[in-house]
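None of the figures in this text is laboratory data; all of them are computed from the coordinates on show. Here the structure is a predicted model, which is why all the values come from computation and not from measurement. Cβ atoms come from the backbone with ideal geometry, glycine included; neighbour counts cover every protein chain shown.
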Amino acid sequence: MGLLDNQTEHSYYNSNNFGGYQFISLDHIINNFMIAYVGEGKIISKVKRTDVAFHAQRALQELSFDTFKSTKSQEIEIPPSLTMLLPQDYVNYVKLTWSDSLGVEHIIYPTSKTSNPKAIKQNADGSYVFTNPNVAVYGNLAEQTEGNSTAETHEAQSFPSTLTIVLNDANGNIVSDISTVLSLGMELHGSDGSGNDIPPGVHITAFDPATPQVAYISNMIPGGTYDITFTKGQSSNTWESFKSGTSINQDDDYKDDTYWPSLGGRYGLDPVHAQVNGSFYIDELKGKIHFSSNISGKTVILKYISDGLGTDEEMIVHKFAEEAMYKSIAYAILSTTIAGQPLAPSYQQQKSAAIRTAKLRLSNLKIEELTQIMRGKAKFIKH
C-alpha cells in the first residue's frame, strides 16, 4: 500500500501540513525499528519498546546538534534593560543579528570583556549583610521594598505568570503604579503562610501597562496571598557600568572626535571590537542574553538550535537521515547489552557511515548553485 493512499490532493492542500512528506515521525521510527531489528533470528533478539524509545530520543538529540539543519529563530525589540530571555527550548545559539530599516541583518558579536555576577551587600568593613542567619542580601538595601501581594491562580495560566501586587508607601497609601517603585529583574522572596514558599530565582520580567498593579514573573507559583520582600539581585556593578557606559562598538563616523584621536593607536585591536554592530554575552545560569548599550530599541534576531524533543510536532526526522537513526539506535542497544557486545564495533562503523551519508544528503548541494559560486570566484569560468 502506498504511503499516500489515505490522503488525496484535495485533503493535502486544505490542511496545514505542507511539506510533511519529507519527514517521518519518531514514533514511526520506533515502530519500524521494532519490526526490522527486533525478534527471533534478528540482530536484537529481545528488547523493551521503552528502551528503543529512549535510544531513539537520544539519537534524535545528537543528530539535531550536528547533522540536521533545524535552526530556529526568534525576533524581539530590545528593551531599555538590554536583556533578552532565552527561548524555552534553547540549547545553543547559532548567531545573533539586529535588523535595520531595510531588513538587512547585522551580526552582533559575543564579548568576553564583561559579566553579570551577583553583587552581595556588604557593610563598611567588608562583612556581608544578612537578613536572617542563612540568607545574604543581594543588591542595594535602600532599593528593597516590602509589601503584600495577591497572586492569582497560576496553574492553568500560560508562561509567564502574572502577579497582582499591592504595595503601601511611607504614608500607608497604596501605590497606584508599581513600576514606579519596583524594577525589572527584582527577585521575590516570601511565603503565603501555608507552607508555600516562592522558589529561589523568581523575578519580575515585565509590567502590564494596562494594569499598573500587575507584573509578570519568571516562574509559576501556587495561587494565594504572599508576604513578599523584593530585592534587586539581578544586576551587579560590573554589568551596570558596562550597560550605562558608551560602547566601544558605537555607530559613529570614523573621522570625528571619537575615533580620529586614536589614529594609529588601534593597531592590534581585537577584530571582535573593531566593529559597530554591538556585542552581547549570555548568562546561562539566569537564562538571559545581555547586550551593549547601542542595541537598545533595535530589532534583534536570535537564531538557535534545539534538541528536537520540545514538542510532539518537533519529534520528526528527515527521510535523508532515517537510516542514520536506525543505525544509531541499533548501536546504542548493542553497546549497552552483554549479548550485543560482539556486534557493537560493526554497528559503530555502520552508524558513522550512515551519519556521513545523511550529512551529505542534507547539505543540499546543487551543481547549478556551485557553478554560480565558482563563476564569482574565477571570471574565466563560462557556461
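D by Stokes-Einstein for the stretch 285-383, Kirkwood Rh over Cα pairs, 4 °C, 1.567 mPa s: 70 µm²/s.
What the phi angles of the stretch 315-323 give under the Karplus curve with 6.51, -1.76 and 1.60, with θ = phi - 60°, is a coupling list of 7, 10, 10, 5, 5, 5, 10, 4, 5 Hz, glycine and proline written as x. For the pair ILE373 and VAL94, label points projected 7 Å from Cα toward Cβ lie 1.6 nm apart.
Out of every Cα-Cα pair that the stretch 7-48 contains, those further apart than 12 angstrom amount to 69 percent.
Determine the alpha carbon to alpha carbon distance for each of LYS48/LYS303; LYS69/LYS351; LYS95/LYS351 and list only those over 26 Å. Present the calculation step by step, with values, prior to reporting the outcome.
Numbers: LYS48/LYS303 37 Å; LYS69/LYS351 19 Å; LYS95/LYS351 30 Å.
Check vs 26 Å cut-off fails for LYS48/LYS303; LYS95/LYS351.
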